[in-house]
Every structure is written in structure tokens, then in C-alpha cells.
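In what follows, a single structure is set out as C-alpha cells and then discussed.
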Amino acid sequence: MLLVISPAKILNLKPQNIVTEYTQPDFLKKSSVLVDELKQFSPDKLARLMEVNGTIAQTNVERYAQWQTPFTTKNAKQSVLTFNGEVYNGLKASSFSADDFRFAQNHLRILSGLYGVLRPLDLMQPYRLSMGTPLRVAGCDNLYEFWDHTITDALSNAFPKNETRVLVNLASDEYFRSVNAKKLKAEIIHIEFKERPGNGHKTIVVYTKKARGLMCRFAIQNRITDPEDLKAFTEENYLFEDGMSTKNNWVFVR
């Protein structure tokens, strides 16, 4: 079983002393192509491309100017401890044990516009590049074309041996579009989280993001390798709703 999540725009760049182990991203050569292109952008041009304000654009112009390989623990940080949005607030990787990190390394992947696919302990340097950014580079019209089969192949090859080949999708639609479901060598289960604000059921993005992290944490800390065991997830009062679920689309409601 493999879990996939999206990255976060908010980053925690403070040094950490939680884990010393690290790995290198698999696709740094492709990342370098993107960075070389982005280094040519002025703050104004980058602001228009990314649809961000001038301050954010300037910060990222400086980040890309400073981006360089090789990655070391002096100029980069493990991805799961760097991303700091709602998903990662639910995941709480800063409280992981050494065994938790090892399990996560084998069962969790982070989809990324700049890095393609990241393992939790892969070092990364700070960036902002959403997968949906219409960046034209290397003869491609956007990042979906640029990453093409790379992400799908990487996920197909990431499943631990002798485990169920099921990909549990806890990523946003923007990021999961980078995965070619027809060519992925695995079954896919999509997870939804819904609220009951009065009558009916409603998806609330901020709650969904945190719940995705909570489910990853639940899977990691309970060493879950069979997706059926995820149905026991009850964190923050979510319950699996069999009547709203299908074989490949599972709904959890609170």
C-alpha cells in the first residue's frame, strides 16, 4: 500500500534535530531544468505566472537564485519536516519515532511541481511551484506535460514488496492529475472527508486537508499495509460511511 499527498505552500525552514537520516530526491536533474527556467523570471513576471503578490514573488526569485546541488543538511531539509500546511499539521511528523519515519519512507509519497515525487526523508530546498502553474519549459506547455510519465512510473515502482498494490489517494485534484491512473500499475482508492453542518454533507477544504494528514499519521503509526484497515480510522470523530462509499471511492463523515 502507498499513500500520496500534496505538498504545502507554507514551509518551515528552521533547522531540525528530530531525525538525522535523509535521502536525495530521485529527479533532481529534471528539477534543475525547471529551476534554470525559473531563474530567468523577474519578480513581476513570476508574480503573473504564479498569480501571487510581489512579496511572495520576490521571495521565490531569491529562492531560485540560491537553489543549487548537491543537497546537504546544511542547505536543505527533509521534505516531511519542511512542508507546513494543514495536511502536515495533521501528520505531525515532528513527533514521529525512528520507526515511524522508516515506515513513512516506504509507504508515503509527496507529489511536487518542482520535485515530481518526494519521499518523506528526501532533502529539499525551499520553493513555490504549484503543479497547475502554466510554466512552459523544455518544449512542454505545462508541468503535467513536463512530468508526463515520470510521476506515474515512480509511484508504480514504489510499492513495498509483498504488499497490496493499492494507491490511497489523499492528494488534491490539482496534484493527482499528474498521475496517469490508466498506466499506474496499481488499484487506486480515493478518500473523501465530509462534514454534517446541519442537513446534508459538505466538503470543507481546510478540514479535508487536516484529515488527510491525520489519516496518513494513523496509517504510519499503526503500520497499516492493507487499505481495508483504514476503514477503522476515527480520528477527530470521522467515521467510514459505507452507504456513501463505493469500491474505489471511500467517504468518511463526521
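Structure notes:
- Of all residues in region 174-206 being charged (D, E, K, R) and in a strand (DSSP E or B), the one that is nearest to the chain's Cα centre (by Cα): Glu192
- Pairs, first in contact (Cβ under 8 Å) with a residue 60 or more places away in the chain in region 20-40, second loosely packed, with under 15 Cβ neighbours inside 10 Å and not aliphatic (A, V, I, L, M), C-beta under 6 Å, six or more apart: none
- The residues on offer are Ala158, Ala171, and the sole one that is modelled with pLDDT of 95 or more, surrounded by fewer than 20 Cβ atoms within 10 Å (Cβ to Cβ), assigned to a loop (DSSP other than H, G, I, E, B) and out of contact with any Gly (no Cβ under 7 Å at 6 or more places or on another chain) is Ala158.
- Selection from region 198-254 of residues that are touching a strand residue (DSSP E or B) at 6+ places or on another chain (Cβ under 6 Å), aromatic (Phe, Trp, Tyr) and within 30 Å of Lys161 (Cβ to Cβ): Phe240, Trp250, Phe252
- Residue in region 125-142 that is under 15 Å from Tyr22 (Cα atoms) and in contact (Cβ under 8 Å) with a residue 12 or more places away in the chain present: yes
- Members of region 29-49 that are open to solvent by less than 30 Å² (accessible area, probe 1.4 Å) and either more than 20 Å from Ala138 (Cβ to Cβ) or touching a Ser or Thr at 6+ places or on another chain (Cβ under 6 Å) (or both): Ala47
- Ile224 in contact with a helix residue (DSSP H, G or I) (Cβ under 7 Å, 6 or more places away or on another chain) and in contact (Cβ under 8 Å) with a residue 60 or more places away in the chain: yes
- Arg102 vs. criteria assigned to a helix (DSSP H, G or I), open to solvent by 80 Å² or more (accessible area, probe 1.4 Å) and out of contact with any helix residue (DSSP H, G or I) (no Cβ under 8 Å at 6 or more places or on another chain): yes
- Residues (open to solvent by less than 40 Å² (accessible area, probe 1.4 Å) and touching a residue at least 24 places away in the same chain (Cβ under 8 Å)) located in region 227-249: Pro227, Leu230, Tyr238
- Scanning region 53-91 for residues that are of a type in the set (Lys, Arg), surrounded by 15 or more Cβ atoms within 10 Å (Cβ to Cβ) and part of a loop (DSSP other than H, G, I, E, B) yields a total of 0.
- Across region 216-254, the number of residues qualifying as under 21 Å from the mean Cα position of the chain (by Cα) and within 22 Å of Lys202 (Cα to Cα) comes to 9.
The values are calculated or read from the model by the stated rules, or taken from the named source; none is laboratory data. A quick note: this is a predicted structure, and the numbers were derived from the prediction, not measured. We place every Cβ from the backbone using ideal geometry, glycine too, and count neighbours over all the protein chains shown. Ligands, DNA and RNA are excluded from the accessible area calculation, which covers all protein heavy atoms including side chains. Shrake-Rupley method; radii C 1.70, N 1.55, O 1.52, S 1.80 Å.
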